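Student: Let me give you the structure first, and then I'll get to my questions.
Here, each number is a calculation from the coordinates, and none is a lab measurement. The shown structure was predicted, so the numbers you read here are calculated from the model rather than taken from an experiment. Methodologically, a virtual Cβ is constructed for each residue, glycine included, from the backbone with ideal geometry; neighbour enumeration extends over all protein chains shown.
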Amino acid sequence: MRRAAAVAGLLAAVVLLLTGCTVAGNRAPAVLDAAALAELESWGLRGRVALNREGRGAQANVLWRQQGALAQLELSGPWGVGAERVRIEDGDVNLLSEGDWVSMCAPGMQIDELEMLCESAPLTSLPYWLRGLPNPGSPFTEYSSGQGAVREFRQDGWRIEVNALARSGDLAVPRRLNISGPGASMKVAITNWELPPVR
């Protein structure tokens with residue numbers, strides 16, 4: 001009887017030890033790998049985005065692929081049947097419409113909730129902000145948040161909060177972000193990063 005109790009106690013201790021190791025191994029990173037993320041030329045992410053502009057809101061799944069200065073997006077969900085394809089390049093946002101790329105920022109072409117993409121700060125800075133980085137071409141102010149944000153900074157009238165991190169390969173990357181500015185806000189939940197191997 002005593003031997004059975006000892007074996008049971010030993011097994012319980014092993015289980016607790018293994019469980020502790022698993023939890024510690026899966027613990028979210030505490031610090032963003034900002035320097036490594038800043039060096040990336042090409043990267044991608046999948047997730048969900050919720051946009052709100054002047055009280056009008058919508059959500060969609062997003063696939064974002066960045067290659068140098070070119071960003072290609074696929075948005076699926078409430079913004080139309082199937083998926084919308086968007087390209088951000090050379091200071092413009094283009095929407096694929098009936099086989100042609102047309103400027104989404106031209107009069108009459110805006111999708112209300114996506115109109116924030118046509119404003120100069122998000123247009124040029126989103127590829128940095130999504131990685132949790134300020135745009136190096138513009139001044140910014142870093143904050144130490146008391147609200148539990150991993151990183152918070154302000155740039156060009158916008159507030160960027162990295163609220164949670166995850167690990168993608170060897171890098172600590174954003175998992176949840178809030179981006180808010182004049183009359184608009186965007187919440188991003190990233191489920192998967194597509195990153196090149198770290199050299």
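Student: Explain nothing, just the number: dipole magnitude of region 31-194 about its Cα centre with +1 on each Lys and Arg Cβ and -1 on each Asp and Glu Cβ, in debye rounded to the nearest 20. Write down the numbers at each step before the final one.
Tutor: Values: 15 positive and 21 negative charges, 134 e Å.
In debye, rounded to 20, region 31-194 gives about 640.
Student: Over 26 Å apart: what share of the alpha carbon pairs of region 31-194 falls there, rounded to a whole percent? Provide the component values of the computation, followed by the final result.
Tutor: Values: 2973 of 13366 pairs.
In whole percent, the share of Cα-Cα pairs in region 31-194 beyond 26 Å is 22.
Student: Further question: Between residue 170 and residue 89, what FRET efficiency follows from the Cβ-Cβ distance if R0 is 35 Å, with the result rounded to 0.05? Before the final figure, lay out the partial values.
Tutor: Numbers: r = 30 Å, r/R0 = 0.85.
Calculated transfer efficiency: 0.70.
Student: Once both labels are modelled 7 Å past Cα along the beta-carbon direction, what's the residue 42-residue 192 spacing in nm?
Tutor: 1.8
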